[in-house]
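Novice: Before we start, here is the structure in question, set down as structure tokens.
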Amino acid sequence: MNVVQNLSNKKYNSFKIENIAMTLTNKKLYDTIIVGGSYAGLASAMTLGRSLRNVLIIDSGAPCNKQTPHSHNFLTRDGLPPGEIAAIAREEVLKYPTIEFYDGFAVQGSKISEGFLVNTSDGKSFKGKTLIFATGLSDTMHDIKGFAECWGISVIHCPYCHGYEFRNKKTAILAEGDRLIYFTSLIKNLTDDVTLIISDKNVGNEDSFITLQKNGVKIIEKKIVEIQHRNGYVDQIIFSDGTSERFEAVYAPVPFRQQCNIPEKLGCEITEKGLISIDALQKTSVDGVYAAGDNSNTLRAVSLSVSSGTVAGVGVNAELSLEVFNK
């Protein structure tokens, strides 16, 4: 067992693994380099490790849900902190002798004769026949005081991940556009006390507001200046006119961007929604490059990230196997 694998015996909550540069040389050609070592990346690694593939996982230890206290809707792990789920997964994955982990931040990728070269911010470089990007998305917080501090705790984006815990609570929704009715209907299923807060009536059409009011959704047309909270749990919303109203939860879909720009620089096609375009096996538009997790899926959940990571691992292993078999 190598030095990197021995580190996996540390306690679950020791989230970071030390850099062990001497075990990872520039000369080694991995079957796959996985950029991103959270749920999707680890699921890909396990699938490939069980297929006897030499795998390197490069991870910077900054998952998008790091502030979320509990993860839900994932069988066998419902209610555990996200970091603990990832630590358990990492320990399981590193039991496979062909999998290695490098604690670093990938900053560049390029095509080479053997496959691909990935460079990290600390000056290391690693070669892989194939790549899997499990790099996730970066959420753009609304410019509202207290919003970021509550994000993932009581200011939430997904009724499937967090809604049950805020059932029957007084709930605000900050949403707009074509999906307003769809999104609000999901929240109304969980609580009868729903208020849509908008800055002006231009965020939806008149039919939408008629439908909302018919279903008992209150509408406040005011600008929010602050979300007052206690350790991330919403207490009240303060409006620009000086008034306030108490709420216990806020749903707020937010814009996002790709956490990593390497796939796009390699030529991977990006969809109109800003996601990496993939096929049924998570393969991108660039041969040898796959994507898994939030970076290529509109449905953001731990269970779905794990599923897509497994599929990506299957796709990569099939590609590598057929390449040898058809020679």
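Each reported figure results from applying straightforward, stated rules to the coordinates on display, with no laboratory input. Note that the structure is predicted; figures quoted are calculated from it, not measured. Positions of Cβ are generated from backbone atoms using ideal geometry, with glycine treated the same way; all protein chains shown enter the neighbour counts.
Novice: Put a dot 7 Å past each Cα toward the Cβ at Arg167 and Lys273; how far apart are the dots in nm?
Specialist: With each label point 7 Å from Cα toward Cβ, the separation is 2.7 nm.
Novice: OK, next. Under the rule that a partner needs its Cβ under 4.7 Å from the first Cβ, which Cys of the chain have none?
Specialist: Among the cysteines of the chain, those whose Cβ sits 4.7 Å or more from every other are Cys64, Cys150, Cys260, Cys268.
Novice: Using label points projected 7 Å from each Cα along Cα→Cβ, tell me how many nm separate Lys145 and Thr98, to one decimal.
Specialist: Between Lys145 and Thr98, the label points sit 5.7 nm apart.
Novice: Would you mind ranking Ile181, Ile156 by Cβ crowding within 10 Å, fewest neighbours first? Mind showing how you got there, number by number?
Specialist: Working: Ile181 17, Ile156 22.
Listing Ile181, Ile156 from fewest to most nearby Cβ atoms yields Ile181, Ile156.
Novice: Here is a follow-up. Normalised by the residues of the stretch 210-327, what does the relative contact order come to in percent, with Cα pairs under 8 Å and at least six apart? If you can, show how the numbers build up before the last one.
Specialist: Details: 123 pairs, mean separation 14.4, N = 118.
Rounded, it is 12 percent for the stretch 210-327.
Novice: For the stretch 250-264, just list the computed ³J(HN,Hα) in residue order, Karplus coefficients 6.51, -1.76 and 1.60, θ = phi - 60°, integers in Hz, with x standing in for Gly and Pro.
Specialist: Working through the residues one at a time gives 9, 9, 8, x, 10, x, 9, 9, 5, 5, 10, 9, 4, x, 5 Hz.
Novice: Once you compute Rg and the Kirkwood Rh from C-alpha atoms, what is the Rg to Rh ratio for the chain?
Specialist: Values: Rg = 21.9 Å, Rh = 21.2 Å.
With Rg and the Kirkwood Rh in hand, the quotient comes to 1.03.
Novice: Further, regarding this structure: When ranked by the protection proxy of mean other Cβ atoms within 10 Å per residue, highest first, what sequence do the peptides 209-222, 80-93 form? Please list the in-between numbers first.
Specialist: Details: 209-222: 14.1, 80-93: 19.5.
Listed from highest to lowest mean packing, they are 80-93, 209-222.
Novice: Pairwise over distinct Cα atoms, reciprocal of the mean inverse distance: report the Kirkwood radius of the stretch 142-251 in Å, one decimal place. Intermediate results must be reported in sequence, preceding the final value.
Specialist: Working: mean 1/r = 0.0718 Å⁻¹.
This gives a value of 13.9 Å.
Novice: Here's something else I'd like to know. For the stretch 193-327, just run the numbers: alpha carbon Rg, then divide by 2.2 N^0.38 Å, N being how many residues it has.
Specialist: Values: Rg = 22.0 Å, N = 135, 2.2 N^0.38 = 14.2 Å.
This ratio for the stretch 193-327 stands at 1.55.
Novice: Below 16 Å, Cα to Cα, which aspartates and glutamates can Lys170 reach? Residues fewer than 8 away in the same chain don't count.
Specialist: Qualifying aspartates and glutamates at Cα under 16 Å: Asp192, Asp193, Asp235, Glu245, Glu248.
Novice: Loop only per DSSP, at most 14 neighbouring Cβ atoms within 10 Å: give me the trypsin sites (Lys or Arg not before Pro) in the stretch 142-213, ordered by residue number.
Specialist: The qualifying sites are Arg167, Arg179.
Novice: Just tell me, in residue order, which DSSP H segments of the chain are both 20 angstrom or longer along the helix axis (alpha-carbon based) and at least -1.0 in mean Kyte-Doolittle hydropathy. Working shown, then result.
Specialist: Details: long enough: 302-325 (34 Å, 1.11).
Long hydrophobic helices here: 302-325.
Novice: A follow-up question, please. Test of understanding: in a Gaussian network model of the chain with alpha carbons linked when under 10 Å, which of His162, His72, His229 would top the mean-square fluctuation ranking?
Specialist: Judging by the Gaussian network model, the answer is His229.
Novice: Given the chain, what percent of its DSSP beta bridges are antiparallel, to the nearest 5?
Specialist: Close to 45 percent.
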